[in-house]
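The block underneath contains the structure these notes are about, expressed in C-alpha cells.
The values are calculated or read from the model by the stated rules, or taken from the named source; none is laboratory data. Since the model is a prediction, treat every value here as computed from it, not as a measurement. Methodologically, a virtual Cβ is constructed for each residue, glycine included, from the backbone with ideal geometry; neighbour enumeration extends over all protein chains shown.
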Amino acid sequence: MPDSPERAGNLRQAREAAVAFIGVSIRTSGAVAGKLLRAGFPQDVVEETVAMLAEDGYLKDDAVARSVVANASGKSAESRDALRARLHRRGVDREAAERAMGKAPDDLASARTLLAERFGKEIDALSTEEEAFRLGMRMARFLASRGYGEDDAEEAVGLALGGRHGPG
C-alpha cells in the first residue's frame with residue numbers, strides 16, 4: 001500500500017532535516033537518527049530516512065569506525081570493549097563497528113604497546129623492587145582506566161616489568 005500523503009511529507013521533511021544536519025560533515029547513522037528523533041520525527045520515519053541516506057552514501061559509519069580504531073593505538077590505545085563503547089557513543093552502527101574491530105589488536109598486545117610507550121622510560125629507570133611495585137600498581141590502574149580487564153592488565157604489567165616484582 002502506498003504511503004499516505006502525511007507520511008510522504010514526513011519522509012521528505014526528515015530527509016531535508018537530515019541532509020541539512022549532515023552538510024559537509026561526516027555523520028553516522030546513529031547521530032542522524034538521534035538528531036531526527038530529538039526534532040520530533042516518528043521512529044519509523046527516522047529509520048526509513050536513515051536507511052535511504054545510508055543507501056545514497058550520505059552516512060559514513062564505516063569511515064568513522066575505521067578512523068576511531070586506527071587512532072586508538074600507541075599512547076591512545078584502549079581495550080576492545082572501550083573501543084566498541086566509543087563507536088557506539090559516536091553513533092556507528094553495529095555492523096560497521098564490528099568490521100572496523102577486525103583491524104584492532106587484541107587487548108594484551110595493545111596493553112603491552114601502551115605500557116611501553118607510556119611508561120618505557122620509567123621502567124628503564126627502575127632500581128628497586130619497591131619502585132617496580134609502585135610503578136606496576138600505577139600501570140595497572142592506568143590500564144583499568146582504558147578499559148582493560150584485570151587478567152590482561154596483570155599479564156601486560158608483568159611482561160612490561162620483566163620480573164621486577166610488580167603487582168600480580
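Scanning the stretch 52-61 for residues that are in contact (Cβ under 8 Å) with a residue 12 or more places away in the chain and in a helix (DSSP H, G or I), we see that the one that is surrounded by the fewest Cβ atoms within 10 Å (Cβ to Cβ) is Met52. If you take the residues in the stretch 23-51 that are at pLDDT below 90 and either surrounded by fewer than 18 Cβ atoms within 10 Å (Cβ to Cβ) or in the same structural domain as Arg89 (by TED's automatic domain parsing) (or both), which one is nearest to Met101 (Cα to Cα)? Going through the qualifying residues, I end up with Ile26.
More than 13 Å from the chain's Cα centre (by Cα) and either assigned by TED's automatic domain parsing to the domain that holds Arg15 or closer than 22 Å to Gly34 by Cα (or both) - does that describe any residue in the stretch 59-79?
Within the stretch 59-79, the first condition is being more than 13 Å from the chain's Cα centre (by Cα), and the residues that meet it are 59-60, 74-75.
Checking the rest, the ones that are also either assigned by TED's automatic domain parsing to the domain that holds Arg15 or closer than 22 Å to Gly34 by Cα (or both) come to 59-60.
Yes, because at least one residue in the stretch 59-79 is more than 13 Å from the chain's Cα centre (by Cα) and either assigned by TED's automatic domain parsing to the domain that holds Arg15 or closer than 22 Å to Gly34 by Cα (or both).
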